[in-house]
Amino acid sequence: MALLQLRKLVKSYVDPEGQRSVVVDVAGFEMNAGEHVALSGESGTGKTTLLHMIAGIVRPDSGSVEFDGQDLSQLGESGRDRVRATGMGTIFQTFNLLQGFTCLENVLLGMHFGHGANRDRARTLLSRVGLESRLHHYPRQLSTGQQQRVAVARALAGKPKLVLADEPTGNLDHANSLEALRLIREVCGENNASLLLVSHDREVLSRFDRVQQLGEINRAAH
């Protein structure tokens, strides 16, 4: 059985002039457990909205998001929050680290919403991404590449079955982009997590065996 299945998924928004615009219209999409998939999409193609619907942050107008046998579109907000906290990890383009907390605290806070904070696992993950000497540093004391590594550790801390990555290399230079991608895929593999990554970087996309154009599955992107 597929880990993730999208069926007849539609989301629209009303602009300030009162006009309704469809931003996501996906007839069908699925991926299996342990699979790494890249979606190629430029800005304005509905990629962030799509990822937010998969994560249960945004509810679709119609259609279904089935994750690990559960239809998220049929759950209330608290139910979707639980599924997201225990089954998914997200890597944002802007990292979304809490500036008033250390690297270790950022990872631990992320774990609180899932299976509970585990200091040993948080330390192990930060060490795994090369930050064992930066545990008590704040984000402002880190390079962009190091902040990305904290974001990777935080996303994997709750042992998710699926990691969602929204342009995770967008703020990195070429060398750090490839290193971040290698790290994300390697740590996902070690934790048996599936990966759904959205990018418009051709070199990043070339590293995936399965790449789909967002416009091919999202009819609203045309």
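The values are calculated or read from the model by the stated rules, or taken from the named source; none is laboratory data. The structure presented is a predicted model; accordingly, all values stated were derived computationally and were not measured. Every residue, glycine as well, gets a Cβ built from its backbone with ideal geometry; the counts of neighbours run over all protein chains shown.
If the condition is being surrounded by 12 or more Cβ atoms within 10 Å (Cβ to Cβ) and at positive phi, then the range 1-23 contributes only Lys8.
Selection of the range 58-72 for residues being surrounded by fewer than 19 Cβ atoms within 10 Å (Cβ to Cβ), closer than 20 Å to Met1 by Cα and either out of contact with any strand residue (DSSP E or B) (no Cβ under 6 Å at 6 or more places or on another chain) or free of Cβ contacts under 8 Å to residues at least 24 places away in the same chain (or both) yields Asp68, Gly69, Gln70, Asp71. For Leu156, state whether it is assigned to a helix (DSSP H, G or I) and within 29 Å of Thr102 (Cβ to Cβ). In short, yes.
One line per residue, one yes/no per condition, for (1) in contact (Cβ under 8 Å) with a residue 60 or more places away in the chain; (2) within 20 Å of the chain's Cα centre (by Cα):
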{"site": "Ile91", "(1), (2)": "yes, yes"}
{"site": "Leu98", "(1), (2)": "no, yes"}
{"site": "Val107", "(1), (2)": "no, yes"}
{"site": "Thr124", "(1), (2)": "no, no"}
{"site": "Gly130", "(1), (2)": "no, no"}
{"site": "His136", "(1), (2)": "no, no"}
{"site": "Gln147", "(1), (2)": "no, yes"}
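For the range 210-220, the condition of being crowded, with 21+ Cβ neighbours inside 10 Å, touching a residue at least 12 places away in the same chain (Cβ under 8 Å) and either among the acidic types (Asp, Glu) or out of contact with any strand residue (DSSP E or B) (no Cβ under 9 Å at 6 or more places or on another chain) (or both) holds for none of the residues.
From the list Ala38, Ala55, Ala85, the one residue that fits, being crowded, with 18+ Cβ neighbours inside 10 Å and either touching a His at 6+ places or on another chain (Cβ under 9 Å) or without any contact (Cβ under 8 Å) to a residue 24 or more places away in the chain (or both), is Ala85. Inspect all residues belonging to the range 176-195 and state whether any of them is over 23 Å from Asn106 (Cα atoms) and either of a type in the set (Gly, Ala, Ser) or out of contact with any His (no Cβ under 9 Å at 6 or more places or on another chain) (or both). Checked the range 176-195: at least one residue is over 23 Å from Asn106 (Cα atoms) and either of a type in the set (Gly, Ala, Ser) or out of contact with any His (no Cβ under 9 Å at 6 or more places or on another chain) (or both).
Just to be sure, is Thr144 farther than 17 Å from Lys159 by Cβ, surrounded by 18 or more Cβ atoms within 10 Å (Cβ to Cβ) and not aliphatic (A, V, I, L, M)? When the stated conditions are applied, Thr144 does not pass them.
Yes or no: Ile91 among the β-branched types (Val, Ile, Thr) and surrounded by fewer than 21 Cβ atoms within 10 Å (Cβ to Cβ)? It is false that Ile91 is among the β-branched types (Val, Ile, Thr) and surrounded by fewer than 21 Cβ atoms within 10 Å (Cβ to Cβ).
Residue-wise test of (1) within 27 Å of Arg207 (Cα to Cα); (2) part of a helix (DSSP H, G or I); (3) touching a Phe, Trp or Tyr at 6+ places or on another chain (Cβ under 8 Å); (4) modelled with pLDDT of 95 or more.
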{"site": "Ser64", "(1), (2), (3), (4)": "no, no, no, yes"}
{"site": "Val83", "(1), (2), (3), (4)": "no, yes, yes, no"}
{"site": "Phe95", "(1), (2), (3), (4)": "yes, no, no, no"}
{"site": "Glu105", "(1), (2), (3), (4)": "no, yes, no, yes"}
{"site": "Leu109", "(1), (2), (3), (4)": "no, yes, yes, no"}
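Consider the range 164-178 and keep the residues that are in a loop (DSSP other than H, G, I, E, B) and at pLDDT below 85. The one that is surrounded by the fewest Cβ atoms within 10 Å (Cβ to Cβ) is Asp173.
Would you mention how many residues in the range 193-222 are of a type in the set (Lys, Arg) and closer than 9 Å to Val37 by Cα? Write out each step before concluding.
Pass one, the range 193-222, residues of a type in the set (Lys, Arg): 202, 207, 210, 219.
Add one more test, that the residue is closer than 9 Å to Val37 by Cα, and what stays is 210.
Result for the range 193-222: 1.
Applying the condition of being surrounded by 19 or more Cβ atoms within 10 Å (Cβ to Cβ) and not aliphatic (A, V, I, L, M) to the range 24-35 and asking which residue is farthest from Met1 (Cα to Cα) yields Asp25.
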